[in-house]
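Notes for the one structure printed next.
The values are calculated or read from the model by the stated rules, or taken from the named source; none is laboratory data. Just so it is clear, the structure is predicted and the values come from calculations on it, not from any experiment. All Cβ positions, glycine included, derive from the backbone under ideal geometry; neighbour counts span all protein chains shown.
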Amino acid sequence: MGKYFGTDGFRGEANKNLTADHAYKIGRYLGWYYQHKEDNERCRVVIGKDTRRSSYMFEYALVAGLTASGADVYLLHVTTTPSVSYVTRTESFDCGIMISASHNPYYDNGIKLLNANGEKMDEETILKIEDYLDGKCEEVPYAEKENIGCTVDHSAGRNRYIGYLISLATRSYKDKKVGLDCANGSSWMIAKSVFDALGAKTYVINNQPDGVNINTNCGSTHIEGLQKFVVENGLDVGFAFDGDADRCLCVDENGNLVDGDAIMYIYGCYLKERGKLFGNKVVTTVMSNFGLYKAFDAVGIDYEKTAVGDKYVYENMVQNGYRLGGEQSGHIIFKKYATTGDGILTAIKMMEVMLEKKKTLSELASPFKVYPQVLKNIRVTDKREAQDDSDVQAAVKEVADALGTDGRILVRESGTEPVVRVMVEAGDLETCQKYVDKVIQVIKDKGYQA
């Protein structure tokens, strides 16, 4: 990770550690960097944004920087991260930009950069951008006269993405009652359009964004709202998205959570049964539950474990040709169909399994038993120092030794926030809670809490 860009873009509180000036400079550099010097064609960049109030500010700042450097900018307006990825890779754009802080509160925002294949931008290019932000390289020239870039309304690109999603469904959703929690974010119009077109009886909550209510007590980070909604309305299934709709969590007909691990189990088994699980492997992260691995072992599916971040999951999938991977949080990558996590695509794939196998979501998920887990975050002054502190490390080792083969502890830093995450899995919640609190108390005692 660089100085500004983490595992999922440049993220921070709007106009504090991520400012309009940052966005302008990023645009200036990208517009110059992607110039077609040999054939003299214009650089083309596509931009999408979520519903945060600050997203408009960052959009205009990026546009100003890009056009000042000679790039033409195509605006998708409010849309999802996976739609920007899709449009970038299918319409030959030089790069794509999504303005979003994903599941973070409304006052945060982020700038996600995608390469021409719709994948997260490579570290080498990111470091060049960071050097430019820090004034470590020469100022890039301004475009002049007819070489100044322009902006283009590209709502048609978003509509093509909607059509693409609809085309992936294998059966009609007629008579299926489906609940959608759009988190007052990017999916607020797109998701309903897709499910309505496929014939579902669609019930939607949290689809009235006002700029400050994105992710507020709703969406995939607050699944309890959808759980209650599904039960009260007698729905067949519910899907909850985050702010930029690159992740999805499910709720079965009984109101039970079906998280990213369970989604990977359900679709992994579905692929294996059809002989389409390449390498007989699913790519997970170190945060996946013990229960997932036990369930995979029971059906003879192998797995990889990467560092946390869908970026690392995708890299592993590309290197090895695997088709399915993801995170417990709901970032699921179906590599045959997308180069990034896609919440609405995930919902479509869960509907596919339900309809093809003629089973409820609870029946499909029943063999997967979740191992008790407690995860707590602590905001710290310095992630690396807190994690590497000798006393903290000693406490972690003591917990690991006490758990032995009956559980595990994982301490890691967030890739997007000044946070250290402490997670324990064990035979019961009381044990998990005790050991998580023990390590967090050491972090506090050493003065790292922010």
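Summary table below
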quantity	calculated
Arg11 in a strand (DSSP E or B) and crowded, with 20+ Cβ neighbours inside 10 Å	yes
Among the candidates Glu385, Glu417, residue that is acidic (Asp, Glu), outside the structural domain of Gly110 (by TED's automatic domain parsing) and assigned to a loop (DSSP other than H, G, I, E, B)	Glu417
Subset of region 114-160 that is among the small types (Gly, Ala, Ser) and out of contact with any Leu (no Cβ under 8 Å at 6 or more places or on another chain) - its residue that is surrounded by the most Cβ atoms within 10 Å (Cβ to Cβ)	Gly118
Candidate set from region 289-313 (those that are aromatic (Phe, Trp, Tyr) and under 19 Å from Asp259 (Cα atoms)); member that is surrounded by the most Cβ atoms within 10 Å (Cβ to Cβ)	Phe296
Glu304 vs. criteria in a strand (DSSP E or B), of a type in the set (Asp, Glu) and in the same structural domain as Met189 (by TED's automatic domain parsing)	yes
Within region 206-236, tally of residues that are part of a loop (DSSP other than H, G, I, E, B) and not hydroxyl-bearing (Ser, Thr, Tyr)	18
Qualifying residues in region 416-427 (those that are over 15 Å from Gln328 (Cβ atoms) and not polar (S, T, N, Q)) - the one surrounded by the fewest Cβ atoms within 10 Å (Cβ to Cβ)	Gly427
Which listed residue, of Ile162, Ile205, is touching a helix residue (DSSP H, G or I) at 6+ places or on another chain (Cβ under 8 Å), at pLDDT 95 or above and either within 22 Å of Val258 (Cα to Cα) or of a type in the set (Asp, Glu) (or both)	Ile205
Residue in region 53-68 that is more than 18 Å from Gly149 (Cβ to Cβ), of a type outside the set (S, T, N, Q), surrounded by fewer than 24 Cβ atoms within 10 Å (Cβ to Cβ) and touching a strand residue (DSSP E or B) at 6+ places or on another chain (Cβ under 6 Å) present	no
Whichever residue in region 14-48 is in contact (Cβ under 8 Å) with a residue 60 or more places away in the chain and outside any helix (DSSP H, G or I) and, among such residues, is surrounded by the fewest Cβ atoms within 10 Å (Cβ to Cβ)	Arg42
Candidates Ala183, Ala191 - the one that is touching a Cys at 6+ places or on another chain (Cβ under 7 Å), within 15 Å of Thr346 (Cα to Cα) and assigned by TED's automatic domain parsing to the domain that holds Phe239	Ala191
Any hit, region 86-100, residues being more than 22 Å from Val194 (Cα to Cα), basic (Lys, Arg) and not in a loop (DSSP other than H, G, I, E, B)	no
Qualifying residue in region 90-100 (condition: surrounded by 23 or more Cβ atoms within 10 Å (Cβ to Cβ), touching a Gly at 6+ places or on another chain (Cβ under 7 Å) and of a type in the set (S, T, N, Q))	yes
Residue in region 75-87 that is modelled with pLDDT under 95 and surrounded by fewer than 20 Cβ atoms within 10 Å (Cβ to Cβ) present	no
Residue, surrounded by the fewest Cβ atoms within 10 Å (Cβ to Cβ), within region 161-180, restricted to residues that are aliphatic (A, V, I, L, M) and touching a Lys or Arg at 6+ places or on another chain (Cβ under 9 Å)	Leu168
One residue from Gly326, Gly309 being of a type in the set (Gly, Ala, Ser) and either over 29 Å from Tyr448 (Cβ atoms) or assigned by TED's automatic domain parsing to the domain that holds Val422 (or both)	Gly326
Members of region 317-342 that are buried (at least 21 other Cβ atoms within 10 Å of the Cβ), under 16 Å from the mean Cα position of the chain (by Cα) and in a loop (DSSP other than H, G, I, E, B)	Glu327, Gln328, Ser329, Gly330, His331, Ala338, Thr339, Thr340, Gly341, Asp342
Index of the failed condition, Phe278 passing every other in (1) surrounded by fewer than 18 Cβ atoms within 10 Å (Cβ to Cβ); (2) under 27 Å from Met423 (Cα atoms); (3) of a type in the set (A, V, I, L, M, F, W, C)	(2)
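A quick yes/no check of all residues on (1) closer than 23 Å to Tyr106 by Cα; (2) modelled with pLDDT under 90:
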residue	(1), (2)
Gly6	yes, yes
Phe10	yes, no
Asn15	yes, no
Ala23	yes, no
Arg28	no, no
Tyr34	no, no
Val45	no, no
